[in-house]
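A.B. asks: For reference, the structure I am asking about is given below.
What follows is calculated from the coordinates using simple rules that are stated; it is not laboratory data. Fair warning: this is a prediction, and the values are worked out from it, not measured in the lab. Glycine also receives a Cβ, built like all others from the backbone with ideal geometry; neighbour counts cover every protein chain displayed.
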């Protein structure tokens, strides 16, 4: 049993596009790591091997250390090993790499085109960030700080998964 199974069951997620059994996962990850120039954090690998293209209804999370209910964000789909599909990790990395910081790997999206990104290089390796695409700034090679359209969600992928919960009507009160 993988460490995310119970949480995913509680969240009532489902696969948008079932992974193709013929996909060579290890070869895919090798290609992805070559493309981004670093290794993928192991906790995230465990997740995508089991939940590629996983979608959610009414699942939310908050920004890191946020006490404001207005910071509640809706999660739609987690990207994965889905070659040729719009939810594929490599396709999304190629699509957004010139618009997001160099150390970010897009790993999920909401219904509005905003991304959740995993930092894969640097002091914040393993951190999960929210990228608001509407407020997009031009990103240089190595910015000294993240622009205002990027918000910290969690300091690890496991922490991110554990922060997810079903949206309840009384969450707004």
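A.B. asks: Which FRET efficiency value, to the nearest 0.05, is calculated for residue 156 and residue 34 with the Förster distance at 30 angstrom and r the Cβ-Cβ distance? Mind showing how you got there, number by number?
C.D. replies: Numbers: r = 24 Å, r/R0 = 0.80.
Calculated value: 0.80.
A.B. asks: Could you check the spin-label model distance between residue 5 and residue 123? Points 7 Å from the Cα along Cα→Cβ, value in nm.
C.D. replies: 4.0
A.B. asks: Considering Cα pairs under 8 angstrom that are at least six residues apart, work out the relative contact order of the stretch 5-168 and quote it in whole percent. Please list the in-between numbers first.
C.D. replies: Values: 285 pairs, mean separation 34.6, N = 164.
Once normalised by length, the contact order is 21 percent.
A.B. asks: Can you give me the pair-distance distribution of the stretch 5-168, C-alpha pairs, 10 Å bins, whole percents?
C.D. replies: Bins of 10 Å from zero give 10, 42, 37, 10, 0 percent of pairs.
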